[in-house]
Amino acid sequence: MATRLGEVFEDRGLVARIKDRLPRLFQMAEMECSRAGKTGMQVGSLREIILVAMLIYKFGEENVETGIPITRPEVDAMLFGLPVSIKTITGRRFGGVKLVWTVDPQKAREFAEGYHPHCDILLTQINWGYAGVLCHIPLEVQQRHFERLGQKTYIRLPKPGTNPRGVEIDKEAMAAMAADADTKGVTVIWHRMDVRHNAYEKWIDLWRED
């Protein structure tokens, strides 16, 4: 059964908001998660919150379930009872999309051997200074490319002898799915803006409350 995630890209008003606001919101997330000029890994969780908030804005809080247990890999939210995976990459290429984070090579292999696509993907390609995309890759698209390529080509395991950071979707497979005719998306121009953001301000205000 298809999710209603594709409706995001049929809503002209929301598409206009995405083009206008997503770079600014993600820039604010980076600023909130930066220390000494470096962005921390926690920015990924904040980006996820921003995109889930967009789904709640579009579909209503009663139709978006959050707080998914970590025992459900990939699933970041439930939209009308169906799972959605939120993924973000940075740069011009589509490499580095994680299926699961693990530092154990054996667990990575076991995950890959048992993997089959099982939920829709909401993918953001951040490309500061250039064009990127926000797109919906339906489960059916993933299944089709998975069957076409086979598990060993579709999935990229960490190289032996390196510090493994998880199991990834192959960059060529990811690029093919993003360009698939059944994938819906919107082009986003990733311009940085003059954004003033103080990560401490809201907490200071809470300390000041009577």
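The values are calculated or read from the model by the stated rules, or taken from the named source; none is laboratory data. Here the structure is a predicted model, which means the values were calculated and not measured. Note: ideal-geometry Cβ built from the backbone for every residue, glycine included; neighbour counts use all protein chains shown.
Listing for the model above:
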| quantity | calculated |
| --- | --- |
| Output for the stretch 39-56, where each listed residue is farther than 13 Å from Leu5 by Cα, free of Cβ contacts under 8 Å to residues at least 12 places away in the same chain and either part of a helix (DSSP H, G or I) or of a type in the set (Asp, Glu) (or both) | Ser45, Ile49, Ala53 |
| Leading residue by the ranking (surrounded by the most Cβ atoms within 10 Å (Cβ to Cβ)) among those in the stretch 31-58 that are modelled with pLDDT under 90 and among the charged types (D, E, K, R) | Glu32 |
| Filter result for Arg93 (outside any strand (DSSP E or B) and under 18 Å from the mean Cα position of the chain (by Cα)) | yes |
| Search result, residues across the stretch 59-87 that are surrounded by 15 or more Cβ atoms within 10 Å (Cβ to Cβ) and not in a loop (DSSP other than H, G, I, E, B) | Phe59, Val64, Glu65, Ala77, Met78, Leu79, Leu82, Pro83, Val84, Ser85, Ile86, Lys87 |
| Subset of the stretch 156-200 (residues that are more than 30 Å from Pro138 (Cβ to Cβ) and surrounded by fewer than 10 Cβ atoms within 10 Å (Cβ to Cβ)) | Lys159, Pro160, Gly161, Thr162, Asn163, Met193, Asp194, Arg196, Tyr200 |
| Set Gly96, Gly60, Gly44: member being of a type in the set (Gly, Ala, Ser) and closer than 27 Å to Ala199 by Cα | Gly44 |
| Selected residue [within 18 Å of Ala178 (Cα to Cα) and among the hydrophobic types (A, V, I, L, M, F, W, C)] from Phe59, Phe9 | Phe9 |
| Count of residues meeting criterion [among the small types (Gly, Ala, Ser), exposed (fewer than 15 other Cβ atoms within 10 Å of the Cβ) and either on the phi > 0 side of the Ramachandran plot or touching a residue at least 60 places away in the same chain (Cβ under 8 Å) (or both)] in the stretch 1-30 | 1 |
| Identity of the residue in the stretch 88-98, surrounded by 18 or more Cβ atoms within 10 Å (Cβ to Cβ) and touching a helix residue (DSSP H, G or I) at 6+ places or on another chain (Cβ under 7 Å), that ends up nearest to Ile155 (Cα to Cα) | Val97 |
| Matching option when the condition is at pLDDT below 95, charged (D, E, K, R) and more than 19 Å from Gln125 (Cβ to Cβ), among Glu140, Glu209, Glu147, Glu168 | Glu209 |
| Residue selected from the stretch 99-137 under the condition surrounded by fewer than 20 Cβ atoms within 10 Å (Cβ to Cβ) and among the hydroxyl-bearing types (Ser, Thr, Tyr), by the criterion modelled with the lowest pLDDT | Thr102 |
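A quick yes/no check of all residues on (1) closer than 23 Å to Val84 by Cα; (2) small (Gly, Ala, Ser):
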site	(1), (2)
Val103	no, no
Tyr115	yes, no
Val141	yes, no
Lys159	no, no
Asp170	yes, no
Ala173	yes, yes
Tyr200	no, no
Trp207	no, no
